[in-house]
Amino acid sequence: MAGKSGRTIIAEEKFSLKKLLVRWETFLVIIFILVNIMNSNISDKYLSVPGLFNATNSFLSIAFLTLPMCFVLLIGEIDISVGAQVALSAVLLGISFNAGVPMWLAVIIALAVGVLCGFLNGIIAIKFTELNPMIITLGTQILFRGIAEMILKDQSTGGFTSVKWFSNLYWGKIGGVVPVMFVIFVICAVIFGVVMHKSTFGRRMYAVGSNKLAAKYSGINVPGMRLTIYTLTGLFCGVCAVFASSQMGSARPNVGAGYELDAIGMCVLGGVLTDGGKGNFIGAMISVFLLGLLKYGLGLVNVSSNIMLVVKGALLIFAVMIPHLNLGRFFKKKAVKTA
Amino acid sequence: MKKKLLSVMLCITLTASMLVGCSGKPSSNGTTDTTPTKPAETNTDNGSGDAGSADPYATDGTYAIIVKSAGNPYNKKESDGYKQVIEAQGGTCVIQEPESATAEDQITCINNVVSQGVDAIAIAANDTDALEPALKQAMDQGIHVMSLDSAVNANSREVFVNQAGTREIAQTLMDAILDISGGEGNWAILSAASTATNQNAWIDGMKEVMQDSKYSKLNLIGVYYGDDQYQASVDQTAAILTDDPNVKVICAPTTVGIMAAAKVLQDEGLTGKVKLTGLGLPSEMADYIGADDAHSCPYMYLWNPIQLGNLAAYVSIGLVNGVITGAAGETFTVPDTTLGDNGSYTIKEAADGGTEIILGAPFAFTPENIAEWSAVY
Amino acid sequence: MAEEFILELKGITKIFPGVKALDDVHFQLKKGEIHALMGENGAGKSTFIKVITGVHRPDGGEIFINGTKVELKGPKDGQSHGIAAIYQHVTAYPHLSVTENIFMGHEKVKRGFIDWKEMHQDAQALLAQLNADFKSTDEMGSLSVAQQQMVEIAKALSSNAKIIIMDEPTASLTKNESENLYRITEKLRDEGASIIFISHRFEDMYRLASRVTVFRDSKYIGTYDVDKISNHDLITAMVGREITDMFPKPEIKFGEEVLRVENLCREGYFKNVSFNVRAGEILGLTGLVGARRTEVIQTIYGVEKPNSGKIFLEGKEVRIRKPQDAIKHGIGLLTEDRSNLGLIQSWGIGRNITLTEIEEYGNKFFTNDKAERAAAKELAESVDTKAVSLFDKVSTLSGGNQQKIAVAKILASDLKVLIMDEPTKGIDVGAKAEIYDIMGQLAQRGYAIIMISSEMPEILGLSDRIVVMCEGKVTGELSREEATQELILEFAMAKSLKEAEKERGA
Amino acid sequence: MEKKSLWKTITGSREASLVIVLIILCVFIASRNSAFLTPGSIEGLFKNYAVNFVLTCGMMLVLIIGGIDISIGSTLAFSGMTASLVLRDFPETSVPVAFLISIAVGTVCGLLIGAVVAYAKVPPIICTLGAMSVYRGLAYLIAKNEWVSASEFSKAYKAFAQSRYLGFGIINNLVVIVIILIVVFYIVMKWTPIGRKVYAVGSNAEAALVSGIKVTKVKLACYTILGALAGLSGAMFTSLYASSQGNMGEGIEMDVIAACVVGGVSLNGGRGSVIGVFLGTLIISIIGKGLPMIGVSQFWQKAIKGLIILLAVIINVLVQRQMDKAALKRREI
């Protein structure tokens, strides 16, 4: 069967410099560069390789949460229980380690706990589709942290530094320069990026995020995908818990407090908006480093954390506001009026 | 058109954030400089007076203090005291305040000051163990690390400047409870729920002291945790009062807890029936301290956080200059004679296996002296 | 002169960023007339209505009401001039009661407070006037589309509107319900209201209107007296070209039976539904609204679960639990609700077409953009869409072109059965003919097609066999030869007829 | 057909089922600790949770229009801190003036959020996420890391939260504010066109637009009102605790949202009633106050609270499904 009119359709995307320039990611790259220029100007200690790697390490453990959070936001959902999942995983890692379980098994237990928490979120979300994921994860957030508190009360559980390889997960440096965690993060990020943009699963995520019903009618297993993503989120909460435990050599029930908002903030600034179906993995990754290095740079000149709070919040609002303002139209209107 | 506009917006945002960032630095300096406090003033005078060329505490290094969190006046007094001495001795002081009172945020601060290449770090820890790896790394780079106010574990510090001996605080508080209760009755502890060891160490110490037959008629009904949050502390105080209507004394070894408890007792009209003591900031507690039944707290204790900061600063400089090594048994004398025994201190073995320097005995705030001190801190 | 026209618009122009939605448009509405407004989708009718009601402010032109020039600054101004509109996509508040929906914006207020009692009473009275079968306290979201439309009409009545605009009111109504609507519309006219009636259906226009105005490509084409213009001329005016054969169903030899449904039941929706369809055959499935045709095919497609019943594909029983099972078995669905269920509006057409079968072009894990584009290009060209490139967003296309993309999308899968739910709903005449043409070609290629439609000419013209449903039950099956409009209606109203007979007997 | 059985009224009405949950909770706690249902204890409950009641009223508005605001804790701190600083530096400031200052600051905070959400179309969760850190940072900055302590407040201000002069000597002042607010909200939301507009915007914003409702203005108004109420809460909070700290009200937004959700407000907008929200807040408050009273370990409370919130929303869904199913069964084919 061929079209009667014989009309042909262009199948190649035209390369357009203009399009590339108005992309959100381009904008982020520019800010990123400017922040770096600013940082190296205000502190001559900024541009040092070990310093920068130390700086990246301090925000990369949270950045592990942005990977699955990108997926969660992409399909138009939200998970505000990630911080609590990190806490529960970390606490159980500590408890089992101190109960005599070998560290490798304790790590697996932590990951399993994360998976279980995420799975619970997912199961509730797909069995009770009437519920907004925000409500579900608000409930589980309180529940998970509550369980962590029940287990550990006001105590902390520590002594992880006695296991050298575990300590090295966070503190170790390959060749004395590149942190182990950085390498692991880059590997994970590449995998997530490929999945998001080059895989069938990624394409389907965009479909689900853009229109859940249309995705369902197109034969996409929406519940399965949601369950997978929530569980994956749980797994990476476990990963984050492992690195945080390695970082601190101990665990407490209040580990990871507020991580959820940090992770969501990074994704959103990166263009992966909360409405679903939008954004780009690269953008999210740029924003992870942008926020982290901005904070590091300001910290180097000892800007008070209060001011950093204000800058961070204002940056988030402005960044998201700019593309929404539709300034082009504003100018066109003006032009019409003057004409 | 759009493109241009975007870049303009971008520049505005960035310059705005830069402006905020830059203006922040002097303003934080400014505030600390313009609000000198009474005892500190005398310190600075002493310090600069003695800062001769032969002064073992003279320095041109950079010193960092990391407090528990931003937005708490107690922490601010501590860092002010530290800064005053460092600057008087010729050094540069870096103050880092974590966004929240967590170990994670403190690690970020440690990273920041390590990158800045400071000579010493003084830290009031939010968690005993969690900072060990980060601080060890700092020590590996030749940075001197000490803690004050709330200790990090023995592995990750050279010395701990303790505001008061654990045993001493426990004994003092128990004696206060014994005195206020009239020797017998039910009492309760309202603590913070933090893992910052000091509260728990004091409570453990009090339980130990209680073994003495002198305290046998005192009955501890329980330890309540107010999370160092005002509202939670209020709820917990209410819980104490409903759990045991006959409770006679509440002991709150935390500045937030004691305030909350004082407020509840005042509001409930129980100031005559239930009495309060513990550790509190005089400025926050001024309203509640008094000998009569209209006030709930006959007296309470605390040390001077400014002096704590002062001493910590001298110790930091001492460590860097090699005057102090941090070994047990070592003695040293700081230029400020208002500290300790005319400025001389002995480093002692601490309970956790490390070493510590004890600032002095806790200071009692009574109805007589509260007015004077509440203006200070 | 001023007396003759209650509403007059002169030289209205409205520009949206990049598009001229209305270009120097004229319109005159006489007092007490029903005036049909016709035009293909995208001709600018919806924008035109929004200009009249004050939602959009025109960039040029003048509006006269009763001969006086007015400026409508917002919907409130429109309302105060007695203008009310019943929009195409029902604009209801699903969480609120019928009463509130009727009185939203002009609540009955006594001393600053809402008088709920009086409002409920008035609403009930209005509903009674419209022969409605629901209560004023019902929640809007629980009503059917036809019932919601009734509420919208009641809303227009409640505001004592002098000018009532109805945008495609019959689009989701069945013959019977449309008949009821005609009656109400005429009654409104007789009571002195002037009505602008927008519809794709010619029968609506013939039945109601005295004059008709045609728009094409955002421009005014002309105004005609209905009894003085021929069907053919009107289509030419709308389309700008002549359409000859509307239903080009070629003669095809039917193959084997492909799909058979036996005693399918879903509690509360339908009971014992059975039918079958053969390769190369177009099976028409029709009935009035509430016949639950869509529910049946959604169950076959795996969107909903049946309580009992069997589905056979090429003689073998299959279990379909979710849409991907259906697609795997070779059943494709072209949904009635293109914009929400069929296509992803914010995506380009290429990705929409290949979405269902991405694994086919790449592998289980990775996508292959090149292969996808090639396939999408071929499919998009085969349905003759007007899109320029594969990266054109669906939302920028007209209804007809969107539908073609939706067809291309289901053709991407390797299917045996195509279920098409109201394939020409909301599509203009020109595109309709093209869709019919495509359906004919598909049948020729050996697909078994189930077509659901409420439009009688479509059902009669295209179907090889017709299954009629009434309130959840199959009430009749007719071959192409024996099918007539009257017979179909009789089956479609089987239940109400039976009840009427019962009453007569009693 | 018009007659509804008692059972149906109960299962059919969200409010009625909340009342039952409430009664069960109260009876359970009272049976374990008789001090719970004494007038003093009940007054204490309302007094200490007055801030939550005030905030849930405002949050309900924002949730009904399909928005959300997680910055209220920070707004509370910022406005409360501003008022406290004024009281500290100008001790002669009267109580109403201090309250007005706090409300004014809150209103401006809310207005800014509303403008960004309604006019710049930034998703509310993102906007308020940012505002949360901005306002919190500002609260710390204006206070220069200090607290305002009891001795720095005027006597009248501290006494306000403890006196009963607004309540004719019977009811605590803060409780009076809560009662007035709830009555006003109930009347406005149910009985005035303004209130119904809010529901209309939440139910279908597009439809509201064509029926002449100024959607952006309604949105702006809702966020502004919530901001004003957060400001009011700031003053109430500092008066109640006679102390003002930069971190006050941290995390209160989650409690407030949870109370709204338990009270039947839909996070998707369009649904929610003042009575339901009141009952929801009461339930959350009773859990907070009651659990310590019956000797539940403090470390268990969070887990129990989380479980109760989850169960409440899940049971609500199950009941709704059962009702839908029953309705289908009745439908004859």
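When A:71, A:59, A:53, A:32 are screened for being in contact (Cβ under 8 Å) with a residue 60 or more places away in the chain, more than 20 Å from residue A:160 (Cα to Cα) and in contact with a strand residue (DSSP E or B) (Cβ under 7 Å, 6 or more places away or on another chain), only A:53 passes. Just so you know, in region A:119-139 the residues that are within 19 Å of the chain's Cα centre (by Cα) and facing another protein chain (nearest Cβ under 7 Å) include one that is nearest to residue A:229 (Cα to Cα), and it is A:134.
The residues listed here are B:309, B:318, B:353, B:278; of these, the one that is in the same structural domain as residue B:150 (by TED's automatic domain parsing) and at positive phi is B:353. If you go through region B:184-211 and keep only what is assigned to a loop (DSSP other than H, G, I, E, B) and farther than 30 Å from residue D:73 by Cβ, you end up with B:184, B:210, B:211. Candidates D:281, D:238, D:224: the one that is away from chain C (no Cβ under 14 Å), among the β-branched types (Val, Ile, Thr) and touching a strand residue (DSSP E or B) at 6+ places or on another chain (Cβ under 7 Å) is D:238. Tell me whether region A:191-213 contains one or more residues that are of a type in the set (Lys, Arg), part of a helix (DSSP H, G or I), surrounded by fewer than 23 Cβ atoms within 10 Å (Cβ to Cβ) and within 14 Å of chain D (Cβ to nearest Cβ). Yes, there is a match, as at least one residue in region A:191-213 is of a type in the set (Lys, Arg), part of a helix (DSSP H, G or I), surrounded by fewer than 23 Cβ atoms within 10 Å (Cβ to Cβ) and within 14 Å of chain D (Cβ to nearest Cβ). Counting only helices (runs of 4 or more DSSP H) that sit completely within region D:233-333, those holding 1 or more residues that are closer than 25 Å to residue D:107 by Cα and modelled with pLDDT of 90 or more correspond to D:252-262, D:274-293.
This table checks each residue for (1) in contact (Cβ under 8 Å) with a residue 12 or more places away in the chain; (2) closer than 26 Å to residue C:285 by Cβ; (3) within 7 Å of chain A (Cβ to nearest Cβ).
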position: C:317; (1), (2), (3): no, yes, no
position: C:349; (1), (2), (3): yes, no, no
position: C:368; (1), (2), (3): no, no, no
position: C:375; (1), (2), (3): yes, no, no
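Exactly one residue out of B:124, B:164, B:120 is aliphatic (A, V, I, L, M), touching a Ser or Thr at 6+ places or on another chain (Cβ under 6 Å) and within 24 Å of residue B:252 (Cα to Cα), and it is B:124.
Scanning region C:311-326 for residues that are closer than 21 Å to residue C:376 by Cβ and either buried (at least 24 other Cβ atoms within 10 Å of the Cβ) or not assigned by TED's automatic domain parsing to the domain that holds residue C:439 (or both) returns a single hit, C:323. When C:48, C:103 are checked against the criterion of being over 30 Å from residue D:269 (Cβ atoms) and touching a residue at least 40 places away in the same chain (Cβ under 8 Å), a single residue qualifies: C:48. Within region D:190-208, the set of residues being part of a helix (DSSP H, G or I) and within 7 Å of chain C (Cβ to nearest Cβ) comprises D:191, D:193, D:196, D:199, D:200, D:203, D:206, D:207.
Among the residues of region C:121-135, those that are surrounded by 14 or more Cβ atoms within 10 Å (Cβ to Cβ) and within 26 Å of the chain's Cα centre (by Cα) comprise C:126, C:127, C:130, C:132, C:134, C:135. Can you work out which of the residues in region B:119-157 that are in a loop (DSSP other than H, G, I, E, B) and surrounded by fewer than 22 Cβ atoms within 10 Å (Cβ to Cβ) is nearest to the other protein chains (Cβ to nearest Cβ)? Within region B:119-157, the match that is nearest to the other protein chains (Cβ to nearest Cβ) is B:141. Among all residues of region A:14-28, there is at least one that is over 17 Å from the mean Cα position of the chain (by Cα), within 30 Å of residue C:393 (Cβ to Cβ) and crowded, with 18+ Cβ neighbours inside 10 Å. Taking region B:55-86 as the search range and keeping residues that are among the hydrophobic types (A, V, I, L, M, F, W, C) and buried (at least 24 other Cβ atoms within 10 Å of the Cβ), which one is nearest to the other protein chains (Cβ to nearest Cβ)? Per the stated criteria, the residue is B:70.
Screening the candidates B:251, B:297 for the property of being more than 14 Å from chain D (Cβ to nearest Cβ) and hydrophobic (A, V, I, L, M, F, W, C) yields one hit, B:251. Has region B:340-352 got at least one residue that is surrounded by 20 or more Cβ atoms within 10 Å (Cβ to Cβ) and more than 21 Å from residue B:150 (Cα to Cα)? No, region B:340-352 contains no residue that is surrounded by 20 or more Cβ atoms within 10 Å (Cβ to Cβ) and more than 21 Å from residue B:150 (Cα to Cα).
Confirm whether residue C:360 is facing chain A (nearest Cβ under 7 Å), of a type in the set (Asp, Glu) and either assigned to a helix (DSSP H, G or I) or closer than 15 Å to residue A:206 by Cα (or both). For residue C:360, the condition - facing chain A (nearest Cβ under 7 Å), of a type in the set (Asp, Glu) and either assigned to a helix (DSSP H, G or I) or closer than 15 Å to residue A:206 by Cα (or both) - is not met. Looking only at region A:149-182, residues that are more than 9 Å from chain D (Cβ to nearest Cβ), within 30 Å of residue A:274 (Cβ to Cβ) and crowded, with 23+ Cβ neighbours inside 10 Å come to 1 in all. Taking residues in region A:265-287 that are farther than 22 Å from residue A:211 by Cβ and within 13 Å of another protein chain (Cβ to nearest Cβ), and partners anywhere that are among the small types (Gly, Ala, Ser) and not in a helix (DSSP H, G or I), the pairs with Cβ atoms closer than 8 Å and at least 6 places apart or on different chains are A:270/A:279; A:287/A:270; A:287/A:271. Please tell me if residue D:212 is outside any helix (DSSP H, G or I) and over 30 Å from residue B:227 (Cα atoms). Against the criterion (outside any helix (DSSP H, G or I) and over 30 Å from residue B:227 (Cα atoms)), residue D:212 qualifies. Checked against (1) surrounded by 15 or more Cβ atoms within 10 Å (Cβ to Cβ); (2) within 13 Å of another protein chain (Cβ to nearest Cβ), residue C:73 meets all criteria but (1). Would you confirm whether or not region A:227-236 contains a residue that is within 12 Å of chain B (Cβ to nearest Cβ), assigned to a helix (DSSP H, G or I) and in contact with a Gly (Cβ under 7 Å, 6 or more places away or on another chain)? Checked against the condition, which is being within 12 Å of chain B (Cβ to nearest Cβ), assigned to a helix (DSSP H, G or I) and in contact with a Gly (Cβ under 7 Å, 6 or more places away or on another chain), region A:227-236 yields no hits at all.
For residues in region C:99-113 being more than 17 Å from residue D:201 (Cβ to Cβ) and modelled with pLDDT under 90, which is surrounded by the most Cβ atoms within 10 Å (Cβ to Cβ)? The selected residue is C:102. Criterion first (touching a Cys at 6+ places or on another chain (Cβ under 6 Å), in contact (Cβ under 8 Å) with a residue 24 or more places away in the chain and over 20 Å from residue B:154 (Cβ atoms)) does residue B:289 satisfy it? For residue B:289, the condition - touching a Cys at 6+ places or on another chain (Cβ under 6 Å), in contact (Cβ under 8 Å) with a residue 24 or more places away in the chain and over 20 Å from residue B:154 (Cβ atoms) - is met.
The values are calculated or read from the model by the stated rules, or taken from the named source; none is laboratory data. Just so you know, these numbers come straight off a predicted model, no measurement behind them. For neighbour counting, all protein chains shown are included, and Cβ atoms are generated from backbone atoms with ideal geometry for every residue, glycine included.
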